[in-house]
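Let me begin by presenting the structure, written as structure tokens, before commenting on it.
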Amino acid sequence: MFPTTGHYSFVITLTLALVSLLLLLVASFQIWLSYKGPLAQKIEKRLQALSAASDDSLQSQLLRERLLSQVPKLERLLLSIPRVHRLDGLILESGLNWTVSKLLLSSVVLGLLGLSVLGSWLSLSVPLAVAAGMGVGLLPCLYVSSRRQRRLARFEAQLPDALDMMARALRSGHSFPSSLQMVGQEMAHPVGAEFSMVHDEVNFGVAIEQALTNLTKRVPLTDLRYFVVAVLIQRDSGGNLTEVLGNLSRLIRERLKLRNKVKVMSSDGRLSSWILILMPFALAALMNAFNPEFMAPLWTDPMGIVILQYLLTMMVIGMVVIQKIIRIRI
């Protein structure tokens, strides 16, 4: 029994439909890559950073401002909040591709979940449930702060190597912008990305002084400010920039070495502080697990709630004092 003409037509039609669907999917993927792919997002971030960087007028400042939200009404609401751009600056310094609205909404959602789940699960009173919800709602902000600290610490650790590379490039006859380009190409993130952005700003016509100033705004480190001040003074008054960069690199390395030494010597004190901070909460959790009737008056009896509030307040004050004692700045 041979296939009929209608059978051939159905197979050809089905094949053409599948090929058309495949081509449509490939075209959609290519369009997505063009607008939302990693390379497109990298170019968009570069263009946003370079927009009117050398102009301090009000219009240029508005162009340089990052969007706080993709929703216009929410954007206007966030702009009415005082110091909201400080929060946006923290997100930018952390290296996360977040907006202020995403951070605030995630905090609100987690806070409400913590309020409902912890309040019902532990049968907490309203003040304690609200306090627990606020603690859970602060987790996204703590995550952003932690990412910011890690990124700045990594940048500070990479900075001496970047200065040595620039000094070697200048010693071999390269110009200062070329040394910035070499650091951007050879060094890892975040030093490579930041110095590459400075080089791009200079190529787009921004003055070196303004590009370096923008770098200190994106990366608020004291050592980086020393580097920028040294470069600006050398450009105004002259001098051997290679020697200045070498001395600055050695100074930063010695300071980091001293800080690590102090950190090692004070490790027992920091461990003792964390034990003192966590021990009351761990003991309370164990006692509540083994003898819940004994711990129940703390959050069921009015007097127990008042005692617990005073205890938590004193614990927070003690945590702040302990952190101030063990934090040694060098």
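Any read-out appearing in this document is the output of simple, stated calculations on the displayed coordinates, not a laboratory observation. These numbers come from a predicted model, not from an experiment. Using ideal geometry, Cβ is built from the backbone for each residue, glycine included, and neighbour counts are taken over all protein chains shown.
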Karplus couplings for the stretch 286-297 from phi (6.51 cos²θ - 1.76 cosθ + 1.60, θ = phi - 60°), rounded to Hz, Gly and Pro as x?
5, 5, 5, 6, 8, 9, x, 5, 6, 8, 4, x
From the phi angles alone, apply the Karplus equation (6.51, -1.76, 1.60; θ = phi - 60°) to the stretch 16-24 and give each ³J(HN,Hα) in whole Hz, x where the residue is Gly or Pro.
5, 5, 5, 5, 5, 5, 5, 5, 5
Kindly put 310, 226 in sequence by how many other C-beta atoms sit within 10 Å of each C-beta, fewest to most.
310, 226
Net dipole in debye of the stretch 186-330 [+1 Lys, Arg Cβ; -1 Asp, Glu Cβ; about Cα centre; nearest 20]:
540 debye
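In percent, what relative contact order does the stretch 266-330 have, based on Cα pairs under 8 Å that are 6 or more apart in sequence?
Values: 21 pairs, mean separation 22.0, N = 65.
It comes to 34 percent, rounded to a whole number.
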Kirkwood-Stokes translational diffusion coefficient of the stretch 177-258, alpha-carbon pairs, 4 °C, 1.567 mPa s, µm²/s
98 µm²/s
Of 199, 189, how do they rank once you tally other Cβ atoms within 10 Å and put the fewest first?
189, 199
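Mind checking the full-extension length gain between residue 178 and residue 283? Use 0.36 nm per residue of separation minus the Cα-Cα distance, one decimal, nm. Walk me through the numbers before you get to the answer.
Working: separation 105, 0.36 × 105 = 37.80 nm, distance 5.96 nm.
Length gained between residue 178 and residue 283: 31.8 nm.
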Which whole-Hz ³J(HN,Hα) couplings does the stretch 156-170 yield from phi under the Karplus relation 6.51 cos²θ - 1.76 cosθ + 1.60, θ = phi - 60°, glycine and proline marked x?
5, 6, 7, 4, x, 5, 5, 5, 5, 5, 5, 5, 5, 5, 5
Let me understand the stretch 266-330 better: what is its radius of gyration from the alpha carbons, and its Dmax, in angstrom?
14.9, 49
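So, counting K/R as plus one and D/E as minus one, what does the shell of residues with Cβ under 13 Å around residue 188 add up to? Numbers along the way, then the final one.
Numbers: positive: 151, 154; negative: 161, 186, 194.
Net of charged neighbours comes to -1.
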